[in-house]
Structures are given as C-alpha cells and as structure tokens.
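The values are calculated or read from the model by the stated rules, or taken from the named source; none is laboratory data. What you see is a predicted model, and the numbers here were worked out from it, not measured in a lab. All Cβ positions, even for glycine, are placed from backbone atoms using ideal geometry, and neighbour counts span all protein chains on display. For accessibility, only protein heavy atoms count, side chains too; no ligands or nucleic acids. Shrake-Rupley method; radii C 1.70, N 1.55, O 1.52, S 1.80 Å.
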Amino acid sequence: MNKKSVKQLLLLSLLPACFTLPTTAAKAALPPYVAGQPLPSLAPMLERSMPAVVNISTSTQIEVRENPLMQDPVFRHFFQIPNQPRRQQKNSLGSGVIIDSDQGLVLTNNHVIDKADKILVTLSDGRQLDAELIGTDPEADVAVIQIPADNLTELPIADSSQLKVGDFVVAIGNPFGLGQTVTSGIISALGRSGLGIEGYEDFIQTDASINPGNSGGALVNLRGEFIGMNTAILAPSGGNVGIGFAIPSNMIMTLKESLVKHGEVRRGLLGITTQDLSPELVKAFNLEHRRGAVISRVENNSPAARAGLEPGDIVVSVNGKEVKNSYDIRNMVGLMQIGDKVNLEFFRNNEKKHATATLGKPQRPQLAGDKVHPALQGTILSVSQKDQVEGVLIEKIDTSSTAWRVGLRPGDVIVSANRFRTRNLDDLTQAVSAQGGLMINIQRGQEAYFLVLQ
C-alpha cells in the first residue's frame, strides 16, 4: 500500500500515540422545536447541495514483479508460458465536487485518482461519465478532473477565511461505496498544520464523521456553500474518533486556477528553511515576542539571499498576514507562483525590518536510483524540500521494482544510508557501495524506518 492509499481516509497511524489534538466534544445539534412551526431540517439545503457531490471510481493497471524462474526463457518455453508482464488491476473509490457546471470541472483529492488509467464519475441521478484528468498537485493532495458539461449542478464557493470554531458544517461523500451519505458536526479547530499528511497543510478540523470513501467530498456550511474538501481523519484505533480534516476552499480555489491553466502548480522558490520559535529560542534570541518563525538557512543565490534575509531573522508576517509558525510561511509561499512578489516583515536583533523578494524557479536535480545502487532501480530521486526534513526524496517509484516490494513509497525521505547521514544526492552516492548491501533509514510522515535492500 503506497503513501497516498494510506492517506485515503483509512487512518492516520503515522501520528505517534502520544500525539493529541484538542477537539470539541459537542456534536452538532439542530435548533429546538417550537410548537406550531415546521420541524427544523437540513433537507432543503441538502436537496440543493447533494447533486453537486459525485462518486469517483478508478482502475489502475499495476505490473507485478514475477518470480525469477518466470523470467527464465528456457523455463517459459518448457512450460509454454507466454512471455508477457503480469499485471493486476487496482480499483479505488472516492468522492468529488462539481465546482463549475459550465465546464464540467470536478475537484477531488489527488490520492483518489493518482496513477489511474480510467476515472469514472457517477452523478447523483445515476449517470456514469468518463472523466479526463486536467491537473494534479500531490503536495496539497488536490486534483481537477473534467466530465461532459450537461445538466450539472455546482456548489457555490464560500470564503473559508470567515469560518469560526463552532460553526455548523455538513460533510457529504460516498463512504465505503454505499452511495451518497451526509454527516453533520461543527468546526473544532482551524489552521491545523504539522500533521505530516500533506506537503502543504492548513486544515479545517471537524467532528462531522468522515470515513473511507469521503476523500474528495464536500464540507459545506448550513447555506450549502463549499467551505472545504474532506481529506483525512485521525484514527489511532482504526475507527472514526471525531477528528476529521478538510482542505479550506480558499486554498483549493487558488490551486484550481493554476491546475486548470497549467495542469500543475508552478510554485516559486523563496530559498529559506524555517523553524518554529521554541521557548529556548525566544530566550536565546532575547525576543520580546513569541510569534513568528526563525530562518535557519538561506540558500545561496536564492531570492531570499538577494533580498538580504539572513539565518536568525524572525519572520512575523508575509504579505501583511501574521506568521504564527514555520508552517504558515510554507503555506503562504506555497500558494504563490514563480515571479510573484513576497513582502516580508521580520526582526533582526529585535529591530523590525522589511524585505521584498521575487519568487524564482525551483531548481531540483533528479537522479535515477539505479545510478546510485542497483537495488534502487525503478526510483527517481531528488533533494527533499519538506520543512525540517533534510534528505533524499523518493519522487517516483515503479510498482514492479525491488524497492517497491521491500516497502519504499513515493514521498519517503532517505535521511541516512549505511549509517551515513544523507542530506543530498552527493551524500547518498558517497555513502553507498554499488557492490554491497544497502541499509537506509527513511522518514515517512511522523515515523521512521530502517530498510535493507540487496
């Protein structure tokens, strides 16, 4: 099971057992009944909203690695076995939201349609339509697909920046493939980040039940407006414990514009690494405030370096928006494009300063895994750009490769090889002997593993 499948609302077991999130225990309740008046109901709103939420099913052909004997031409000839790769079909279910009825544009999670050979959309009226992939953003787990625009219903989009903790919400999706299902709850928290689910996180947390198959479904307010896309749950025991996460509508719509226009999100490079302000850092820097993020590294010849930023600077706002932690900076910059201006307010030696940088084009060298070691054949490696995780990123991996079979997955970060720290591709190459075995330490979300490849 790959990383994206793990995230497909089955569980978030990547979070350690000691990791807890504050959550509001109260469940959503309807207004009290007043004698002589109609019973309060969400039915009128749902009648308008549910046709805009669709079921998505996908099929993917996966090449399965054969037993070495099956690769022997003499063995194949003797037993008259056709010389062709063995393939299996993988199917998955999820949900989607129609956000443009004129163009037939449907939003869903990237992990719902990732690597799919065929995408089938089933509407609430029973129609089944083949969908075309328009664009994906694996880092934020957002995808846009398109279906024939014929008599479709779309959801109106709400401004997610206006949401408040305690607002009533409704989750609409297709859990367990049962068909459209609705659950209600409240917003338990806003701006959740640092969970290790996606590369860019700014989640709405809700206690509205979100289950397998809800991925890509709609989180709506009581007016039936789209406020977020259901994406993940926290389920340390394997079941729903009332903590679900949705990507805010504002973030999604910003990404959607780039996906429709370019088929991808062309993020710009600022060139800094930041970390949260701990009590120890606040004391060490002799700071008068406790909010912001400290720059721990500035890349040479980057836009940040040209703007005059230095390690030790405390960033407190980006484009006029307050920065509470390092994830705020990553999310704000991550929604911007190459060539966009970034205005930063920061403190240096307790003196407030300003700087403006123009985002550049990211430079990420890639290397085929077999150039490093034969056991890494079928992988594409690059330098990790995830905050606070230095290492070598597994960008792509062939599902029929040895590396896949022993447990490597896209998104894994190799932080050491043969007990040597690997911060970049050069470190990995120097730590590996092509003739010997390979023991690597990988980080996956909040967990780490050792794997041995021969």
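A single entry from Pro73, Pro138, Pro68, Pro51 fulfils the requirement of being modelled with pLDDT under 90, closer than 22 Å to Ile252 by Cα, open to solvent by 30 Å² or more (accessible area, probe 1.4 Å) and not hydroxyl-bearing (Ser, Thr, Tyr): Pro138. The single condition among (1) open to solvent by less than 80 Å² (accessible area, probe 1.4 Å); (2) of a type in the set (D, E, K, R); (3) closer than 30 Å to Ala293 by Cβ that Asp398 does not satisfy is (3).
On inspection, Arg419 qualifies as open to solvent by 70 Å² or more (accessible area, probe 1.4 Å) and farther than 15 Å from Lys371 by Cα. Scanning the stretch 268-278 for residues that are loosely packed, with under 14 Cβ neighbours inside 10 Å and either over 22 Å from Ser384 (Cα atoms) or touching a residue at least 60 places away in the same chain (Cβ under 8 Å) (or both) turns up at least one hit. Put simply, of Ser433, Ser326 the only residue that is hydroxyl-bearing (Ser, Thr, Tyr) and open to solvent by less than 40 Å² (accessible area, probe 1.4 Å) is Ser326. Kindly establish whether Leu133 is closer than 20 Å to Thr254 by Cβ and open to solvent by 40 Å² or more (accessible area, probe 1.4 Å). It is true that Leu133 is closer than 20 Å to Thr254 by Cβ and open to solvent by 40 Å² or more (accessible area, probe 1.4 Å).
Within the stretch 286-307, the only residue that satisfies the criterion of being free of Cβ contacts under 8 Å to residues at least 60 places away in the same chain, surrounded by 15 or more Cβ atoms within 10 Å (Cβ to Cβ) and more than 29 Å from the chain's Cα centre (by Cα) is Ala307. Elements of the type helices (runs of 4 or more DSSP H) sitting completely within the stretch 250-362 and holding at least 3 residues that are on the phi < 0 side of the Ramachandran plot and hydrophobic (A, V, I, L, M, F, W, C): these cover 279-284, 326-334. One residue stands out in the stretch 103-128 among those that are assigned to a loop (DSSP other than H, G, I, E, B) and under 20 Å from the mean Cα position of the chain (by Cα): the one that is farthest from Thr58 (Cα to Cα), namely Asn109. Go through the stretch 218-242 and give me each residue that's at pLDDT 85 or above and either over 20 Å from Leu42 (Cβ atoms) or within 16 Å of the chain's Cα centre (by Cα) (or both). The answer is Gly228, Met229, Asn230, Thr231. Note on the stretch 196-217: residues that are acidic (Asp, Glu) and either at pLDDT 85 or above or outside any loop (DSSP other than H, G, I, E, B) (or both) amount to 1. Apart from one condition, Phe79 fits all of (1) at pLDDT 70 or above; (2) among the hydrophobic types (A, V, I, L, M, F, W, C); (3) open to solvent by 30 Å² or more (accessible area, probe 1.4 Å); the exception is (1). Here the stretch 363-386 is the region considered, the condition is being part of a loop (DSSP other than H, G, I, E, B) and at pLDDT below 85, and the residue that is surrounded by the most Cβ atoms within 10 Å (Cβ to Cβ) is Ser384. When Thr358 is tested against (1) open to solvent by 50 Å² or more (accessible area, probe 1.4 Å); (2) touching a residue at least 24 places away in the same chain (Cβ under 8 Å); (3) closer than 23 Å to Gln430 by Cα, only condition (3) is not met. Under the condition of being open to solvent by less than 50 Å² (accessible area, probe 1.4 Å) and outside any loop (DSSP other than H, G, I, E, B), the residues counted in the stretch 141-169 number 6.
Each row is one residue, and each column tells you yes or no for (1) of a type in the set (Gly, Ala, Ser); (2) more than 21 Å from the chain's Cα centre (by Cα).
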{"site": "Glu345", "(1), (2)": "no, yes"}
{"site": "Pro365", "(1), (2)": "no, yes"}
{"site": "Lys371", "(1), (2)": "no, yes"}
{"site": "Gly378", "(1), (2)": "yes, yes"}
{"site": "Val389", "(1), (2)": "no, no"}
{"site": "Ser400", "(1), (2)": "yes, yes"}
{"site": "Arg409", "(1), (2)": "no, no"}
{"site": "Ala417", "(1), (2)": "yes, yes"}
{"site": "Thr429", "(1), (2)": "no, yes"}
